[in-house]
Amino acid sequence: MSTTEVLEVGHCHTVHEIMQQRHLSPRFQPIVNLQTGSIDGYEGLIRGPSKSPVEMPGELFSQAAREGLSVDLELAAARTCVDAFTQHQCEGKLYLNFSALALHRTTLELGDPLAFLCDSVLTADRVVIELTEQSEILSLPLFLEVVEAIRATGATLALDDYGTGNASMSLWLQLMPGVVKIDRLFVDGISTDPLKFAAVTAMIGFAKESGTELIAEGIENTTDLAVLRDLGIDRGQGYLFGRPEARPIVADEITRALHTARGRLF
């Protein structure tokens with residue numbers, strides 16, 4: 001693509017046009033069972049038009065906010081990921097990011113927390129709704145109704161990026177999510193940082209008491225992987241296993257990558 005074409009792409013696309021013309025692209029990052037090395041599912045992520053100023057999600061969602069289309073973009077992103085997930089015949093669960101506002105609107109206004117599934121063959125029990133840490137819950141009683149509606153479908157609620165932003169211990173206690181994703185801040189370097197080790201150990205203890213499954217985010221080296229696995233963390237994701245890709249990678253590719261890294265293997 002020439003420089004002129006890149007500029008034209010950047011100038012002609014509003015988020016409204018991007019959604020209307022279906023120029024959203026899905027990306028999938030594997031979520032790996034840290035005990036067996038098998039892939040338990042994928043987090044579905046989204047990209048805007050290639051080489052455009054809104055290709056990356058940060059810029060894309062910022063532009064959507066300026067256009068008043070944040071919730072519409074979240075739903076369109078989820079539908080795009082669901083369609084690709086089923087087309088690739090992926091196994092395991094699909095993890096999708098949602099703000100509290102989007103979940104509130106789809107549940108209490110549209111009456112269907114999983115409206116993005118539409119006529120998909122993907123069943124609710126294979127969907128994990130990740131409540132993003134940027135979410136601000138304005139009314140906890142109302143949002144607890146949203147949580148119950150999500151659970152009633154058979155889907156799982158996850159608390160994303162635990163330990164940062166709004167993802168606090170109090171929210172964990174109040175929402176009682178089925179899954180908590182530990183922010184990479186606590187994961188990266190845990191093999192050499194006693195405070196990170198202590199923090200994650202405390203999370204594991206609370207998770208066992210509350211019946212919550214843990215996913216460690218941001219695993220980038222085999223030494224951190226070994227510590228997390230020995231601590232008993234259920235699952236993990238990160239660049240060590242694979243970056244977000246248009247084509248979901250499979251377990252054999254992860255095994256080969258770890259052999260190349262010459263680290264501790266499954």
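The values are calculated or read from the model by the stated rules, or taken from the named source; none is laboratory data. Worth saying up front: this structure is predicted, and the values here are computed from it rather than measured. Every residue, glycine as well, gets a Cβ built from its backbone with ideal geometry; the counts of neighbours run over all protein chains shown. Please note that ligands, DNA and RNA were not included when accessible areas were found on the heavy atoms of the full protein model with its side chains. Shrake-Rupley method; radii C 1.70, N 1.55, O 1.52, S 1.80 Å.
A few notes on this one:
- Added length on full extension, which subtracts the Cα-Cα distance from 0.36 nm per residue, residue 139 to residue 250: 35.9 nm
- Chain lengthening between residue 148 and residue 170 when straightened (0.36 nm per residue, less Cα-Cα): 6.1 nm
- Farthest toward positive dipole pole in the chain [+1 Lys/Arg, -1 Asp/Glu at C-beta], among 115, 97, 222: 222
- In the context of the full protein assembly, residue 104 retains an accessible surface of approximately 50 Å², using a probe radius of 1.4 Å and ignoring ligands and nucleic acids.
- Take the Cα of residue 59, step 7 Å toward its Cβ, do the same at residue 210, and the gap between the two points is 3.7 nm.
- Along each principal axis, taking the top coordinate minus the bottom one, the Cα set of the stretch 161-255 gives 38, 30, 23 Å in descending order.
- Average accessible surface for the chain: 48 Å² per residue, computed with a 1.4 Å probe over protein heavy atoms with every protein chain in place.
- Inter-label distance, residue 35 to residue 223: 2.7 nm, where each label sits 7 Å from its Cα along the C-beta direction.
- By the rule of a C-alpha distance below 13 Å, with chain neighbours fewer than 8 residues away ignored, the aspartates and glutamates paired with residue 196 are 183, 188, 224.
- The stretch between residue 118 and residue 86 holds 10.2 nm of extra length on full extension. This uses 0.36 nm per residue minus the Cα-Cα distance.
- Largest-first principal axis extents, alpha carbons of the chain, Å: 50, 49, 34
- The alpha carbons of the stretch 72-149 stretch over 38, 23, 22 Å along the principal axes, in descending order.
- Each of residue 201 and residue 17 was given a label point 7 Å from its Cα along the Cα-to-Cβ line. The distance between the two points is 5.6 nm.
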